[in-house]
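**Q** Okay, handing you the structure first.
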Amino acid sequence: MSILEVNHIEKHFGATKVLNDISFSLEQGQALSIIGSSGSGKTTLLRCLNFLEKPDNGTISVQGNVIFDAADPATQNEKEIRAKRLHFGMVFQNFNLFPQYTVLQNVTLARELLAKERGGESKESIVKAGRELLAQMGLADRADHYPHQLSGGQQQRVAIARALALHPDILCFDEPTSALDPELTGEVLRVIRSLAEQKTTMIIVTHEMAFARDVADQVIFMDGGVIVEQGDPREVIDHPKEERTRQFLARYSEN
């Protein structure tokens with residue numbers, strides 16, 4: 001059974017249809033890369049999965065359970081949406097760390113708030129888990145630093161640790177290297193590659209074509225709010241079947 005089923009998702013902003021009949025599935029332990037030009041709908045799709053945007057049509061299922069149905073208001077109340085966001089860990093382009101908190105506090109804050117709301121986990125265990133995540137990211141010695149004391153690559157690794165802290169079913173990346181200088185891109189991609197090797201279920205919106213080809217289990221190419229082509233990364237990227245895919249990849253190779 002697929003861990004994620006997305007069926008017929010649509011999203012409008014005014015008269016503009018940004019997503020049009022988006023359907024795909026993702027298996028446990030797979031990495032899915034989504035590629036496409038700016039404005040193709042990639043980020044909006046991630047925001048719909050994480051309920052930062054409300055889809056206008058379609059359904060989203062996780063582990064066989066429908067967690068959103070545009071035709072069913074019962075799946076859309078705010079309390080339900082807050083709980084459903086926990087299925088998806090989100091890593092944004094621009095880190096979005098809290099500048100007033102230390103690195104460790106940034107990683108543990110959401111889990112501490114959740115524990116206060118639901119109970120069942122001590123602060124000590126949360127802090128211990130946060131330190132372990134920072135060690136996994138190669139940042140054990142930065143736990144007491146503040147975000148402004150870190151490089152961009154280090155900040156993004158903190159953001160990844162923060163997203164992992166709540167044990168999401170699916171980890172989502174929105175152009176995780178686009179705000180980084182070229183020399184810092186590699187350190188973040190190495191972390192994501194390591195997570196893929198550990199069979200972390202991931203959706204990665206990226207412009208790093210070589211990375212998508214080598215790391216992802218499947219690739220989706222989007223253009224104009226629709227899925228134009230999807231399949232094995234080496235087939236889609238090296239041997240695209242659709243003309244729009246070929247044109248995009250040709251433009252990308254020229255830049």
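The values are calculated or read from the model by the stated rules, or taken from the named source; none is laboratory data. This is a predicted model, so every value here is computed, not measured. Counting neighbours? That spans all protein chains shown, and the Cβs are built from the backbone with ideal geometry, glycine included. Accessible surface areas use protein heavy atoms only, side chains included; no ligands, DNA or RNA. Shrake-Rupley method; radii C 1.70, N 1.55, O 1.52, S 1.80 Å.
**Q** Only residues that are over 14 Å from the mean Cα position of the chain (by Cα) and among the small types (Gly, Ala, Ser): list them for the range 192-211, please.
**A** Within the range 192-211, Ser194, Ala210 qualify.
**Q** Further, regarding this structure: May I ask you to list pairs of residues, at least six apart or on different chains, whose Cβ atoms are under 6 Å apart, with the first in the range 3-19 being polar (S, T, N, Q) and the second being modelled with pLDDT of 95 or more and part of a strand (DSSP E or B)?
**A** Asn7/Ser23; Asn7/Gly58; Asn7/Thr59
**Q** Any chance you could count how many residues in the range 228-255 are surrounded by fewer than 14 Cβ atoms within 10 Å (Cβ to Cβ) and not in a helix (DSSP H, G or I)?
**A** Here the count works out to 4.
**Q** Residues that are open to solvent by 10 Å² or more (accessible area, probe 1.4 Å) and outside any strand (DSSP E or B): does the range 10-20 have at least one?
**A** Checking the range 10-20: at least one residue is open to solvent by 10 Å² or more (accessible area, probe 1.4 Å) and outside any strand (DSSP E or B).
**Q** Then there is this: Just to be sure, is Glu53 of a type in the set (Asp, Glu), open to solvent by less than 50 Å² (accessible area, probe 1.4 Å) and either part of a loop (DSSP other than H, G, I, E, B) or closer than 24 Å to Pro176 by Cα (or both)?
**A** So Glu53 passes the test.
**Q** Assuming Gly225 fulfils every condition listed in (1) modelled with pLDDT under 95; (2) surrounded by 20 or more Cβ atoms within 10 Å (Cβ to Cβ); (3) farther than 28 Å from Leu164 by Cα apart from one, which condition is it?
**A** All conditions pass for Gly225, except number (1).
**Q** In addition: When the residues of the range 127-162 are filtered to those that are closer than 19 Å to Gln100 by Cα and in a loop (DSSP other than H, G, I, E, B), which remaining residue is most open to solvent (accessible area, probe 1.4 Å)?
**A** Among those that are closer than 19 Å to Gln100 by Cα and in a loop (DSSP other than H, G, I, E, B), it is Asp144.
**Q** As an exercise: evaluate Ala216 against (1) of a type in the set (Gly, Ala, Ser); (2) modelled with pLDDT under 95; (3) in contact with a Leu (Cβ under 7 Å, 6 or more places away or on another chain) and give the number of the one condition it does not meet.
**A** So the condition that Ala216 fails would be (2).
**Q** Which condition does Lys79 not pass, out of (1) part of a helix (DSSP H, G or I); (2) open to solvent by less than 70 Å² (accessible area, probe 1.4 Å), if it passes all the others?
**A** Tallying (1) part of a helix (DSSP H, G or I); (2) open to solvent by less than 70 Å² (accessible area, probe 1.4 Å), Lys79 fails exactly one: (2).
**Q** When you look at Asn106, is it of a type outside the set (Asp, Glu) and buried (at least 17 other Cβ atoms within 10 Å of the Cβ), yes or no?
**A** The answer is yes for Asn106.
**Q** Mind checking which pairs have a first residue in the range 150-170 that is more than 22 Å from Leu49 (Cα to Cα) and a second that is among the aromatic types (Phe, Trp, Tyr), Cβ under 7 Å, 6 or more apart or different chains?
**A** Gln155/Phe95
**Q** On to the next question. Is the range 176-188 home to any residue that is within 18 Å of the chain's Cα centre (by Cα), modelled with pLDDT of 95 or more and buried (at least 18 other Cβ atoms within 10 Å of the Cβ)?
**A** Within the range 176-188, none of the residues are within 18 Å of the chain's Cα centre (by Cα), modelled with pLDDT of 95 or more and buried (at least 18 other Cβ atoms within 10 Å of the Cβ).
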